[in-house]
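K.L.:
Dumping the structure here so I can ask a few things about it.
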Amino acid sequence: MGRIALAVAAGIGRFLAGAARYCARVIGQIGRTVEAVPSSLKVFFVAGMLLLVGLVGAIAAEATLGLVCTVVVIPACSGVLGVLGYRWYNRLDGEVAQPDARTAEPTSASLQRSVEYVDNRLALALTSLGTDHHQQAVIAIVQAKTAVELTLGTEGDAGSHAEMPLRAGEDDLRPRIRIGSTSALRESSSLAAS
């Protein structure tokens, strides 16, 4: 009888030790998983659970406990959830925004295509200057400048033309609209007519 009792006790002890080791591994793994979760998500989960408990308490509890749930727990948890949701929404909005073009270096193939395009535009501008196609020359120069800025990522570095101060005498070159002027534009000088 003693040997059987000892064998049964040893078997129960081994079973309890195995169950304890298994539970310790599971609890450790759960603890490591919880540590990997960001703290804001933990706060979000706790606030959500407290909000649900507060709702149940406001509906089911009477007197002071129901009042505390209605006045304190529900508004506080709702505020925490709102703040966390707003922060996450703003963070997602920043991630969706277009990546900065200056962070990526242009590849050699991109630079080669850009150089060829700029050369073609400047050659067109050089042949068109001083002829009847002067406007095409100006457009080709602007296209070449834009291609260089977009390739190198320098399009936002210089101030805009509206912010640059005018040089002396340049003010007279700008067309002005005068009050009371009734003269109509001639159709031959209008771009829309051509």
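K.L.:
Can you send over the solvent-accessible area of residue 59, 1.4 Å probe, protein chains only, in Å² to the nearest 10?
P.N.:
Probe radius 1.4 Å; accessible area of residue 59 about 150 Å².
K.L.:
Which whole-number value in Å² is the accessible area per residue of region 39-93, probe 1.4 Å? Can you show the working numbers first?
P.N.:
Details: 3890 Å² over 55 residues.
Result: 71 Å² of accessible area for each residue.
K.L.:
Now a separate question. Can you order the peptides 49-55, 126-132 by their average number of other Cβ atoms within 10 Å per residue, highest first? Numbers along the way, then the final one.
P.N.:
Numbers: 49-55: 16.0, 126-132: 11.7.
Per-residue Cβ counts within 10 Å, averaged per peptide and sorted highest first, yield 49-55, 126-132.
The values are calculated or read from the model by the stated rules, or taken from the named source; none is laboratory data. These figures come from a predicted structure and were not determined experimentally. Glycine gets a Cβ as well: all are built from the backbone with ideal geometry, and neighbour counts include every protein chain shown. Please note that ligands, DNA and RNA were not included when accessible areas were found on the heavy atoms of the full protein model with its side chains. Shrake-Rupley method; radii C 1.70, N 1.55, O 1.52, S 1.80 Å.
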